[in-house]
Structures are given as C-alpha cells and as structure tokens.
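Asks: Questions regarding the structure given below will be posed in turn.
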Amino acid sequence: MSGTAFRSGVERSYPLPRAGPDARITDSLINSVAAVLVGYGFPRLTAPDRVALETALAAFLYNSQESKT
C-alpha cells in the first residue's frame, strides 16, 4: 500500500501541498471547529487552546514539514 492509501485502498485527500498562506484558515473557521467540539460536549476553548487548534488543523490539512513556521 502506498503512503497515501488508507486501509480501504482509497487514496487520501490530505495532506495538501502548501503553496503559501491559506486565506481560508480564518478565525471564522477556527470558531466553527471549536463550536462543533463544544456541541459534542468538549470544554470551551481558551485563547491558548485556539492557537493549538489552528496549529493542529494546519498540520492535518498540509504536509507537516511544509506547515512548520
């Protein structure tokens, strides 16, 4: 199996190649993800949690070596 194939054999869509800053990663996106977490019973995010969530989301979306700043 290739490094991008999941157990079912279906190729993964993520991580994406990173061409530069992504304007789609906004406060609104982070707020939406945080709201979903709270809706599932997780605690509300503090400011440091929000930074960690943004970092984790970027690491999931983009090649981890390319998303390091």
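The values are calculated or read from the model by the stated rules, or taken from the named source; none is laboratory data. These numbers were taken from a predicted model, which means no experiment stands behind them. Glycine also receives a Cβ, built like all others from the backbone with ideal geometry; neighbour counts cover every protein chain displayed. Ligands, DNA and RNA are stripped out before the accessible areas are found, and what is left, the full protein with its side chains, is counted by its heavy atoms. Shrake-Rupley method; radii C 1.70, N 1.55, O 1.52, S 1.80 Å.
Asks: Hey, could you check region 32-49 for residues that are outside any loop (DSSP other than H, G, I, E, B) and farther than 17 Å from F60 by Cβ and say which is most open to solvent (accessible area, probe 1.4 Å)? First the steps, then the outcome.
Replies: Within region 32-49, the first condition is being outside any loop (DSSP other than H, G, I, E, B), and the residues that meet it are 32-39, 47-49.
Within this subset, residues satisfying the condition of being farther than 17 Å from F60 by Cβ are 35, 38-39, 47-48.
On the way: A35: 62, V38: 41, G39: 70, A47: 72, P48: 94 Å².
Top of the filtered list is P48.
Asks: If you go through region 19-31 one residue at a time, how many are of a type outside the set (D, E), under 13 Å from the mean Cα position of the chain (by Cα) and assigned to a loop (DSSP other than H, G, I, E, B)?
Replies: Within region 19-31, residues that are of a type outside the set (D, E), under 13 Å from the mean Cα position of the chain (by Cα) and assigned to a loop (DSSP other than H, G, I, E, B) number 3.
Asks: Go through region 53-62 and report how many residues are in contact with a Leu (Cβ under 9 Å, 6 or more places away or on another chain), open to solvent by less than 60 Å² (accessible area, probe 1.4 Å) and either under 14 Å from V33 (Cβ atoms) or in a loop (DSSP other than H, G, I, E, B) (or both).
Replies: Let us first name the residues in region 53-62 that are in contact with a Leu (Cβ under 9 Å, 6 or more places away or on another chain), namely 53-54, 57, 61-62.
Now drop any that are not open to solvent by less than 60 Å² (accessible area, probe 1.4 Å), which leaves 53, 57, 61-62.
Narrowing the set further to residues that are either under 14 Å from V33 (Cβ atoms) or in a loop (DSSP other than H, G, I, E, B) (or both) leaves 53, 57, 61.
Within region 53-62, residues that are in contact with a Leu (Cβ under 9 Å, 6 or more places away or on another chain), open to solvent by less than 60 Å² (accessible area, probe 1.4 Å) and either under 14 Å from V33 (Cβ atoms) or in a loop (DSSP other than H, G, I, E, B) (or both) number 3.
Asks: Of the residues that sit in region 15-26 and are at pLDDT 90 or above and loosely packed, with under 10 Cβ neighbours inside 10 Å, which one is nearest to L57 (Cα to Cα)?
Replies: By that ranking, first place goes to R24.
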